Amino acid sequence: MRGDRSPPRRSRQGAFYTAFPEGAGQERLGDPVVVVRLDPAELDLPGDRKSWAPAGIVAYSKICTHAGCAVALYRKPTFPAAESRPALVCPCHYSTFDPATGGTVLFGPAGRPLPQLPLEIDHEGNLRAAGSFSGRVGPAWWGVRE
């Protein structure tokens with residue numbers, strides 16, 4: 001991920017960032033990711049993704065799996081009875097995703113989780129992608145003609 005858009009080494013829990021692949025242009029719709037730092041004790045990622053969140057930092061495609069809009073909001077619970085967990089939200093149709101459980105859908109019309117990007121911290125302390133997304137980026141209908 002590009003250095004000027006990656007989270008600071010001492011990012012605080014609950015911070016929400018947009019990042020782009022290192023060296024990539026910002027015009028490709030499927031490139032951006034959202035990066036959030038959560039309490040590692042609250043992570044409940046799928047078994048094969050337990051190592052994808054170093055220091056509680058998770059990254060997901062910024063492209064909503066419902067209609068391809070940008071996931072642009074991060075909801076921090078202010079009323080625990082109604083909003084028990086932090087969530088990523090697409091403001092277009094209000095699909096809401098749980099970053100602690102692999103981007104699973106909490107609410108709204110999205111039919112599948114946000115694709116997660118595996119992360120690692122390299123020997124210099126930089127946050128980097130450690131592989132490809134867990135699934136196809138964007139809504140299912142993007143691939144209709146492929």
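The values are calculated or read from the model by the stated rules, or taken from the named source; none is laboratory data. The model shown is predicted, which means the values in this text are computed figures rather than measured ones. In this analysis, Cβ positions are derived from the backbone assuming ideal geometry, glycine residues included, and neighbour counts consider all displayed protein chains. In case anyone asks, the SASA skips ligands and DNA or RNA and just uses the protein heavy atoms, side chains included. Shrake-Rupley method; radii C 1.70, N 1.55, O 1.52, S 1.80 Å.
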Query - Test: A130 is among the aliphatic types (A, V, I, L, M) and either touching a Pro at 6+ places or on another chain (Cβ under 6 Å) or within 15 Å of A55 (Cα to Cα) (or both) - result: yes
Requested in this report: For region 78-90, indicate whether the set of residues that are of a type outside the set (S, T, Y), at pLDDT 90 or above and either open to solvent by 80 Å² or more (accessible area, probe 1.4 Å) or in a loop (DSSP other than H, G, I, E, B) (or both) is non-empty.
Outcome: yes
Report task. For region 4-19, indicate whether the set of residues that are at pLDDT 90 or above, over 23 Å from S132 (Cβ atoms) and not charged (D, E, K, R) is non-empty. Result -> no
Report task. Provide a single number: the residues in region 50-67 that are of a type in the set (D, E, K, R) and either surrounded by fewer than 16 Cβ atoms within 10 Å (Cβ to Cβ) or assigned to a strand (DSSP E or B) (or both). Result -> 1
Query raised in the report: So is S95 open to solvent by less than 40 Å² (accessible area, probe 1.4 Å) and without any contact (Cβ under 8 Å) to a residue 60 or more places away in the chain or not?
Result: yes
Query raised in the report: Given the structure, is Y74 modelled with pLDDT of 95 or more, touching a strand residue (DSSP E or B) at 6+ places or on another chain (Cβ under 6 Å), of a type outside the set (A, V, I, L, M, F, W, C) and under 19 Å from P32 (Cβ atoms)?
Result: no
Query raised in the report: Based on what the data block shows, is L38 open to solvent by less than 50 Å² (accessible area, probe 1.4 Å), touching a helix residue (DSSP H, G or I) at 6+ places or on another chain (Cβ under 9 Å) and at pLDDT below 95?
Result: yes
